[in-house]
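Visitor: First, the structure itself, so that you have it in front of you.
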There are 2 protein chains.
Amino acid sequence: MNWEIIVNSDYKDTVAETGNKLLIGNGYLGVRGTLDEHEKEELVAITLAGIYDKVGNGWREPLNAPNPFWSKIHLDDQLLTARSENVIFHEQNLQFRYGILIRETVWKTEKGNITLKTERYADINAVNKLHYRISLSSDQVMHLRLSTGINSDVWDIHGPHYKGVRLIEKDSCLACEALVQNDIDRVAVVREDTIAESSIYEKRLVTDESKIFNCYEIELNPHQSFELTSEIAIVTTKDHSDALNKAIQVCQSSSSSDKTNHLSKWDKIWNTCEVEIGGDEMAEMGMNYSLYQLNIAAPRHSKSLSIPARALSGQVYKGAIFWDTEMFMLDYFLWTQPEIAKTLIGYRIDTLSGALEKASQYGYEGAFYAWESQEGGFDACSDYNVTDVFTNRPVRTYFKDKQMHISSAIARGIDYYVQVTDDFSVLLEGGLITVIECAMFYRSLLLKPLLKDHFVINDVIGPDEYHERVNNNAYTNYMAHYTIKCAIEQAKAVMTLYPEAYLAIDKVNDISEKLKKLEAVVDKIYLPKPNEFGLLEQFDGYFTLEDITPDIAKSRLKHPKEYWGGGNGVASDTQVIKQADVLTLMEVRSDIFSPDVIEKNWHYYEPRTEHGSSLSACMYALTACRFNRPDLSYPFFLKSALSDLKGGGKQWAGLVYIGGTHPAASGGAWKSLIQGFAGLELSENEPLLSPNLPEHWQYLVFRINYKGKLIKIRINSVKGSYHILREEIK
Amino acid sequence: MNWEIIVNSDYKDTVAETGNKLLIGNGYLGVRGTLDEHEKEELVAITLAGIYDKVGNGWREPLNAPNPFWSKIHLDDQLLTARSENVIFHEQNLQFRYGILIRETVWKTEKGNITLKTERYADINAVNKLHYRISLSSDQVMHLRLSTGINSDVWDIHGPHYKGVRLIEKDSCLACEALVQNDIDRVAVVREDTIAESSIYEKRLVTDESKIFNCYEIELNPHQSFELTSEIAIVTTKDHSDALNKAIQVCQSSSSSDKTNHLSKWDKIWNTCEVEIGGDEMAEMGMNYSLYQLNIAAPRHSKSLSIPARALSGQVYKGAIFWDTEMFMLDYFLWTQPEIAKTLIGYRIDTLSGALEKASQYGYEGAFYAWESQEGGFDACSDYNVTDVFTNRPVRTYFKDKQMHISSAIARGIDYYVQVTDDFSVLLEGGLITVIECAMFYRSLLLKPLLKDHFVINDVIGPDEYHERVNNNAYTNYMAHYTIKCAIEQAKAVMTLYPEAYLAIDKVNDISEKLKKLEAVVDKIYLPKPNEFGLLEQFDGYFTLEDITPDIAKSRLKHPKEYWGGGNGVASDTQVIKQADVLTLMEVRSDIFSPDVIEKNWHYYEPRTEHGSSLSACMYALTACRFNRPDLSYPFFLKSALSDLKGGGKQWAGLVYIGGTHPAASGGAWKSLIQGFAGLELSENEPLLSPNLPEHWQYLVFRINYKGKLIKIRINSVKGSYHILREEIK
C-alpha cells in the first residue's frame, strides 16, 4: 500500500487544508503540517491535549505551544521559501505509517542550486519529545544563512494565550517558557541542536520579542552539506511543576534509539489495526490514513483523556470532547487497542462531577454531560455558538442546554466497553455510578402530560442540529430509555458478579434507591413507533414540515456562510436535516428495528439529509449494511474514509471557522468497514461476522483484539460468497 | 368640550395617519378619512366588518367596499386637489360627536376663487347607509367639471379581492356590484344623486373598467352654486342574497329624517358615556375621542360580532378579532352599553366550534381560541407573521400556536359580563359550556414533571411577544388556573340558580364529567410566587436574561424596521419586554396581589418595557392606581387616550404594515380613567368608587349603566379629598 501523502505546492488558499492533511502527533500534541518558514498566518500550530485557556470574552480553547520548527533560509538577504519563484522542486511527504513528515525544496539560483531537506516527527513513545532534522546542500560553493529556533508568536483563534515569554539559552539548549494568561499554567519548549562535524558554519544566538534562535552563517560546497539534528521537548505545568527544567531534562534524554523505538512502536500499532482491501486502493489507503489520524490523536500517555472533535489539528471547536468520541471513535479503539478505549472512558468517569454540576445548574438530577467538554467536564459551549452573517450578531443556539442526548452516548460507551472486553473494572471504578447518574438525568427530564399515560421528553435538540427545541425526538427518547435500562442491567450484573463491590458502591452512592426510581419509569417512556409506512418521525410534527431537498434549501441561501438552522435558517422549518438522526438511532439500536424498517427510513431520510456534519455519512453507510445494500453504503463509507485525505468538508458554520481533521469520520469509516461490510458483531463466545462487501472488493483483511487476543481476519469474496479465515497473531 | 378634529393639509407622508384620525363608521363599516379626490395610493378604504377573502397565498383579510365618495374637479382640464399649488384654504373637520366629516377647500384661480365643500357620515341607525353632500361655489362666473361616482379600484393589502365588477345605472342609481374572488360573496354599492334645482349643469354618465360616475359640466356664478346630495347604500351577500337590489332599495329609502335620527342617536350614545374632566382639556378630549372610536366600531346591528384590533380602519391585522376585545374594550361597553358587550361575547360563544377545532388540530382538548379570529373562529394567523428585514424571508413566529392565553380572556370576558350585569342568559345560551371548554383546554396543556408535585405549562408565549416558547409564563399559568376556577364556580352558580337549565346543558355537553376532571387539577397548577424582593418572574429564567433597557436594545438595531423578538431579535435574549405581562396579570388578578407587590413589580418591569404595543400603557396606568400613584399612572393613561389622536404608534412589525386605529388603547384609556382613577369596582349591591385623581383634575364626570340604570357620577376633588355625587339619568 502507498503510505505516503505528498503535497507539492504551498499556496495561501490551501495551507489550512495541507496543515490538516500532513498533521503529525502522538496524542499529547498535534503538529500541523506547515512548512519550516511558515508563521501564524499559515496556521502554524502545535496543539496540546487537555490544557485550556480563556482570554476575555473569547472562547476557552486549547493552548498552542511555541513553535520549535521555525526556520528561515537567506541567500544574500533574500528569503528562500517554497513560494519563491526560483523553486525547481518542492515536496512535503508524510510517511503516515510512521508519522514522519519530510520536506524537500530545491531552489535554482544564480550561484547554483540549493537543496533543503527537513524531517520531523512526534515521538510516539515519549510524547513530550519531538525530533527535527535540517539538511542544506548545494551543487556550488556558496554562503547561506539559516535562522532556526523557537517562535512563540503562535496561531490562536481566541488568543493570545500567553501574557509573557521567557526566552533563554540554558544548558546548551534554546528554551522558551510561556506564561499562560490564566497565570497558572506555563508551557516550556526546549530545543537542543547538534551540527554534523563536517559542516562549516559560524553561529550566533539571537533573541527578539517573541523568538529565540541561532543564526548559522553556512559555507556550502558540493562535497560539504550542513546537517543539523534537533531534539525538542515540550512540557507544561500540567505535566510537571517545574516545566522548564523538566523539558531540558527530557530534551537531553534523547538518544539515537528514539527513532528505532518510534518505528517499532508504529509497526506494533499497525499490527493491531492495519486494513487491506483487495481491489480498492483508494479505500484501502483512505481507511489506513483514517486510522493514522485516530492513532496520532490517541492519548496513550494518560489514563483519563479523550479526543477532541477536530483531534489535535488546532483550536477549532475549542479542543473540546463531543459525543463524537463515544459514538464514532470508541469502537475502533475498543476492538483494536482497548486500553485506549479505557482511557477515553476514564475521561468521562473522571468528569462525572462536572456533569452532575451541569445538571444541577439547569434544575435536573443526575449527570448532564457537556456538549463541549473540557477539563473537569466543564462545558465550553456558549449559548451563542453561531454568528448571524447578516447582522454580525451572536445567535442564541441551544447546543449546550437542549442537546440532551450526550449523556446517553457516555452510557452507551461504557456499556459497549464492558460487552466487548468483559472488563468490569470500569464499572467498579466509577462506571456504574456514571451510567446510573446518566439514567437519573433522563428520569429528571420526564414529563407526564395529563392526557397521556406515558412520559415525554420535550424541548430538545437531537443529533440533527438544524431543528431546535423539538418534542419527543425519537433518538433522544429511545436513548433515554436505553440509558435507564442499561443502568438497571449493569447494576444487576455487578450485584451478581461482584456483590461486595456493589455494596461498597451502594453505600457511598445510594444506588439501590436510585435503581428503584429508575425501574418505576423505564417502561413508561414514550417511544414513538414507525407509522403505517414504516417511517419513524424524527420528532413531533417533523412530517408536517415543508418537504424539500437540501438542494432547494441551499438555493434559498442569501449568503454562502449563513447558518442553515436556528430561528430562521433555510432548513429550520423544512424536513431538511443536517445529519443522520433517526438513522443514527436505527444503527445504535439495530437490535430493535427490523431491516425492513431501517430500509424504509433510510430511503426517506437520506434524500432529506444535507450531510452537513462529518458524523452523517457513516451512519448511512452502516445502516445500508443492515439491509444488505453495500452498494448504497459504499459511497458514504468512502466519503467518511476520505474526509481528511480529500478535504472539502464544511469550513464554516455561520462566521465561525470549523476546519480541521475529522476523527469521528475516521472512526465512522472503520465502523462502516468492520461493523458494516464485515458485519462484526458480538455474540456469546466469539465475534460474529456476516460479511456483505462491495461487489468490486476481492478481499478484506483486518485485525481485532478479542478479549486480549489479536486476531487477523481475512474475508475472501468469491462470486458472491465469502470465505473467512481467522488467524491469531502476536 | 371641543368636538372637532381639524386637519389642514394633505401630504403623502401623513395621509395614512389622517385617514385613521378622521375615520367615520358605524360598526358595519369604517370609512377612512381620505379626501374625495384620493385613490387607493392614499389608502382610500371602506372596510366592512366580518366579511373576509383570501387571494392566493396572501393573508385572509376583510373586504374593502368600492368607494362611492370618489370625486374629481377639473377647471379647464386642470385637476384641483388639496395638494394643488393654488389652494388658499383647506380643512377636513371631523365632528366626532356625530361622526360627520366635513371638507372645505378653496382654490384661487385666474378665473376666480372656487370653494368645494363636502360632507359625509355613516348612518349610525341604518348601518348600510352612507350620506354624502358636495357643494361647489365660486366668486366669479366660471365653468367647472365635477366627476363623481363609484370607484371599485380600492386599496387592498393582500388583494385584489374582486375578480370582476358590474357597473350599471339602474333605477336612477349608479350601481357597482363586485364579485369576490371566493366566488361566493358580492358587495353592492349603490349611489343616488340629487342636484339642487338652482344648479346649472349638464350631465353625462361615464363607465370605465373600474368606475361608474357622472360627469357634471357646471356653470357657476357668485349667486348660483352647485349642490349635490348623494344617498349611498352598501349591502353584501352576507346581508342579503340579492345584494344589489337590496342596496338600491336601502338607498332609495333614505329620507330627510335620517340626519335628525343620526344626530339624536349619537346624543343618546354620548348620554351613556360622555366624560368630563375638570382642568384637563386634552385628557377630556382624548378620552371622548377614544370613546368615539370605540362607538364607530361597535356592532350595534348584530347579536354576534366583535371589534378587530385595528377596528374598521383598514385591513391591518387581517381585520381579525384578538384578545384586545375582551381584555381592553369589553369593560367600557359592559359599563355603558351592555347590549354591545353581549354582542361581543356572543361572537365568542358562536365561534366556540372553531376554537374546539383548533385545539383538536394541535392535539389538545377544549377550546383553543384563535389568536386572530375571523368568521367562525377561523384563526387567520400565519405561522410566519413577520418578515426578516435582512433576508426578506418570512420568520416562523409562534403567535398562533403558542399564545395560549387567549382562551382565558374569553373566560374572563364572560365571567365579568355576568358579574356586572347579573344577566345569566349568556351563561345559559352557550357561555357556560364556552368557559368550561376553555378550562378543559388549559387542563389539556398540563404537564407533571416527574420531579415536581404540580402541573406546569411549558412552551408558550405570554402577553409579551418578544419572548417565545417560554415555560411557566406567570400570566398564562395564573390565567389557566383562573379559567378552571371560573368554570367550576359558574357551573355551580348555574346549577343553583337554574337547575333545570343546568341539567339540559349537562345532558348535551356532559359537563358534570368535565367539572370532575377540572376539580381534580385546579389546585395543582404551578403558580409562581413573588421572590424575596417581591418580584414575580415573568417566566422560568427571565431574571437570568441580560438586563438592559429598551433604549439599549434599540441602539443595537441594525435596521429601523427589524423585529425585536423572534429567534434573534434585539430583545429576545434580554429582559426587555414588548408590553405589560406580569403587570397585566396583576391588573386582571388585582384581587390576589397586594398593592405592595404590585408596586415593586411595576418599578421593576416598567423600565424594561418597550411599550411596543398599544396594549401596554394602560396596564401600567391601571396598576399604578392599585398602589395609589395617579402621578405615575397619568402619562400612561394619556398615552392610551391620545393614541389615535396624536398618532405616532408603531407602523411596522418587520416589513409588515401595522398602522390603523387602536381601539384596545381607547378601551384601555377608559379602564384607566374609570377603573383606575375613579376606582370603580363591583361590590354586593352597588358599584364601589375609590377615587384617586391626578392632582390637577378638579372633577371627573362620567356615566355608567348599572344593572339597567344609567347613572351619572361626579367626583369633585377638593384639596385631596373627594365628593362623589350620583344622579340617575334617562
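The values are calculated or read from the model by the stated rules, or taken from the named source; none is laboratory data. Note that the coordinates shown come from a computational prediction; the quantities given were computed from them, not determined experimentally. Heads up, the Cβs are rebuilt from the backbone with ideal geometry, glycines too, and the neighbour counts pull from every protein chain shown. For the accessible areas, the whole protein counts, side chains as well, though only heavy atoms, and no ligand, DNA or RNA atoms are used. Shrake-Rupley method; radii C 1.70, N 1.55, O 1.52, S 1.80 Å.
Visitor: Please work out if A:Asp523 is touching a Gly at 6+ places or on another chain (Cβ under 8 Å), over 30 Å from B:Asn568 (Cβ atoms) and either assigned to a helix (DSSP H, G or I) or open to solvent by 70 Å² or more (accessible area, probe 1.4 Å) (or both).
Guide: So A:Asp523 fails the test.
Visitor: Ok, one more. Pull up the stretch B:164-181, narrow it to residues that are at pLDDT 95 or above and open to solvent by 70 Å² or more (accessible area, probe 1.4 Å), then point me to the one that is nearest to B:Gln252 (Cα to Cα).
Guide: The selected residue is B:Glu169.
Visitor: Further, regarding this structure: Check whether at least one residue in the stretch A:66-74 is modelled with pLDDT of 95 or more, farther than 18 Å from A:Ile46 by Cα and surrounded by fewer than 21 Cβ atoms within 10 Å (Cβ to Cβ), and report yes or no.
Guide: Among the residues of the stretch A:66-74, at least one is modelled with pLDDT of 95 or more, farther than 18 Å from A:Ile46 by Cα and surrounded by fewer than 21 Cβ atoms within 10 Å (Cβ to Cβ), which makes the answer yes.
Visitor: Further question: Got a number for residues in the stretch B:573-585 being out of contact with any Lys or Arg (no Cβ under 7 Å at 6 or more places or on another chain) and in a loop (DSSP other than H, G, I, E, B)?
Guide: Of the residues in the stretch B:573-585, 4 are out of contact with any Lys or Arg (no Cβ under 7 Å at 6 or more places or on another chain) and in a loop (DSSP other than H, G, I, E, B).
Visitor: For the subset of the stretch A:182-199 comprising residues that are modelled with pLDDT under 95 and of a type in the set (S, T, N, Q), which member is nearest to A:Glu217 (Cα to Cα)?
Guide: A:Ser199
Visitor: Output the residues belonging to the stretch B:553-575 that are in contact with a strand residue (DSSP E or B) (Cβ under 8 Å, 6 or more places away or on another chain), open to solvent by 40 Å² or more (accessible area, probe 1.4 Å) and of a type in the set (S, T, N, Q).
Guide: Residue satisfying the conditions is B:Asn568 alone.
Visitor: Which numbered condition in (1) of a type in the set (Asp, Glu); (2) under 26 Å from the mean Cα position of the chain (by Cα); (3) within 14 Å of chain B (Cβ to nearest Cβ) is the only one that A:Asp423 fails?
Guide: All conditions are met except number (3).
Visitor: Just to verify a result, which residue in the stretch A:531-544, among those that are surrounded by fewer than 21 Cβ atoms within 10 Å (Cβ to Cβ) and in contact (Cβ under 8 Å) with a residue 40 or more places away in the chain, is farthest from the other protein chains (Cβ to nearest Cβ)?
Guide: A:Gly534
Visitor: Across the stretch A:215-225, what is the number of residues that are touching a Leu at 6+ places or on another chain (Cβ under 6 Å) and closer than 23 Å to A:Val189 by Cβ?
Guide: Final tally of qualifying residues: 1.
Visitor: Just to check your reading of the model, which residue among A:Ser254, A:Ser302 is assigned to a loop (DSSP other than H, G, I, E, B), small (Gly, Ala, Ser) and in the same structural domain as A:Lys163 (by TED's automatic domain parsing)?
Guide: Just a single option satisfies the conditions, and that option is A:Ser254.
Visitor: Can you name every residue in the stretch A:429-477 that is away from chain B (no Cβ under 12 Å) and of a type in the set (Ser, Thr, Tyr)?
Guide: Hits for the stretch A:429-477 are A:Thr434, A:Tyr466, A:Tyr475, A:Thr476.
Visitor: Of these, A:Asp596, A:Asp581, A:Asp631, which one is open to solvent by 20 Å² or more (accessible area, probe 1.4 Å), in contact with a Gly (Cβ under 8 Å, 6 or more places away or on another chain) and at pLDDT 95 or above?
Guide: Criteria check complete, one pass: A:Asp596.
Visitor: Criterion first (of a type outside the set (D, E, K, R) and under 28 Å from B:Phe593 (Cα atoms)) does B:Gly676 satisfy it?
Guide: For B:Gly676, the condition - of a type outside the set (D, E, K, R) and under 28 Å from B:Phe593 (Cα atoms) - is met.
Visitor: Anything in the stretch B:195-207 that is touching a residue at least 40 places away in the same chain (Cβ under 8 Å) and more than 18 Å from B:Asp36 (Cβ to Cβ)? List them, or say none.
Guide: Hit for the stretch B:195-207 is B:Thr207, nothing else.
Visitor: Tell me, which helices (runs of 4 or more DSSP H) lie completely within the stretch B:586-670 with 1 or more residues that are among the acidic types (Asp, Glu)?
Guide: B:595-605, B:630-641, B:643-646
Visitor: Pick from B:Lys246, B:Lys238: which is part of a helix (DSSP H, G or I), assigned by TED's automatic domain parsing to the domain that holds B:Leu75 and open to solvent by 30 Å² or more (accessible area, probe 1.4 Å)?
Guide: B:Lys246
Visitor: Going by the conditions given, is B:Ile73 closer than 30 Å to B:Lys246 by Cα and touching a residue at least 12 places away in the same chain (Cβ under 8 Å)?
Guide: No: the conditions fail for B:Ile73.
Visitor: Now a separate question. Taking A:Pro528 and the conditions (1) at pLDDT below 95; (2) surrounded by 15 or more Cβ atoms within 10 Å (Cβ to Cβ), which numbered condition does it fall short on, given that it satisfies the others?
Guide: (1)
Visitor: So, A:Gln374, is that one within 27 Å of A:Ala49 (Cβ to Cβ) and within 14 Å of chain B (Cβ to nearest Cβ) or not?
Guide: No: the conditions fail for A:Gln374.
Visitor: Only one residue in B:Ile296, B:Ile307, B:Ile349 is in a helix (DSSP H, G or I) and open to solvent by less than 10 Å² (accessible area, probe 1.4 Å), so which one is that?
Guide: B:Ile296
Visitor: Still on this model: For the list (1) more than 14 Å from chain A (Cβ to nearest Cβ); (2) at pLDDT below 95; (3) open to solvent by 10 Å² or more (accessible area, probe 1.4 Å), I need the number of the one condition that B:Val316 fails.
Guide: Unmet condition: (3).
Visitor: Right, something else. Determine whether the stretch B:410-433 contains at least one residue that is aromatic (Phe, Trp, Tyr), open to solvent by 10 Å² or more (accessible area, probe 1.4 Å) and outside any helix (DSSP H, G or I).
Guide: yes
Visitor: How about the stretch B:561-582: which of its residues are farther than 19 Å from B:Leu615 by Cα and either away from every other protein chain (no Cβ under 14 Å) or without any contact (Cβ under 8 Å) to a residue 40 or more places away in the chain (or both)?
Guide: Passing the criteria: B:Asn568, B:Val570, B:Asp573, B:Thr574.
Visitor: For A:Lys402, work out the one condition from (1) touching a residue at least 60 places away in the same chain (Cβ under 8 Å); (2) over 19 Å from A:Phe322 (Cβ atoms); (3) within 14 Å of chain B (Cβ to nearest Cβ) it doesn't fulfil.
Guide: Against the list (1) touching a residue at least 60 places away in the same chain (Cβ under 8 Å); (2) over 19 Å from A:Phe322 (Cβ atoms); (3) within 14 Å of chain B (Cβ to nearest Cβ), A:Lys402 comes up short only on (2).
Visitor: Report yes if A:Glu231 is of a type outside the set (A, V, I, L, M, F, W, C) and at pLDDT below 95, otherwise no.
Guide: Judged against the criteria, A:Glu231 is not a match.
Visitor: Considering only the stretch B:495-520, state which residues are modelled with pLDDT of 95 or more and part of a loop (DSSP other than H, G, I, E, B).
Guide: B:Tyr498 - this is the single residue of the stretch B:495-520 that is modelled with pLDDT of 95 or more and part of a loop (DSSP other than H, G, I, E, B).
Visitor: Out of the stretch B:341-392, which residues are over 18 Å from B:Lys514 (Cβ atoms) and hydroxyl-bearing (Ser, Thr, Tyr)?
Guide: Within the stretch B:341-392, B:Thr343, B:Tyr347, B:Thr351, B:Tyr362, B:Ser373, B:Ser382, B:Tyr384, B:Thr387, B:Thr391 qualify.
Visitor: Open to solvent by less than 30 Å² (accessible area, probe 1.4 Å) and acidic (Asp, Glu) - does that describe any residue in the stretch A:692-708?
Guide: Scanning the stretch A:692-708, I find no residue that is open to solvent by less than 30 Å² (accessible area, probe 1.4 Å) and acidic (Asp, Glu), so the answer is no.
Visitor: Being modelled with pLDDT under 95 and either open to solvent by 30 Å² or more (accessible area, probe 1.4 Å) or in a helix (DSSP H, G or I) (or both) narrows it down to one of A:Asp383, A:Asp331, so name that one.
Guide: After ruling out the rest, the residue left standing is A:Asp383.
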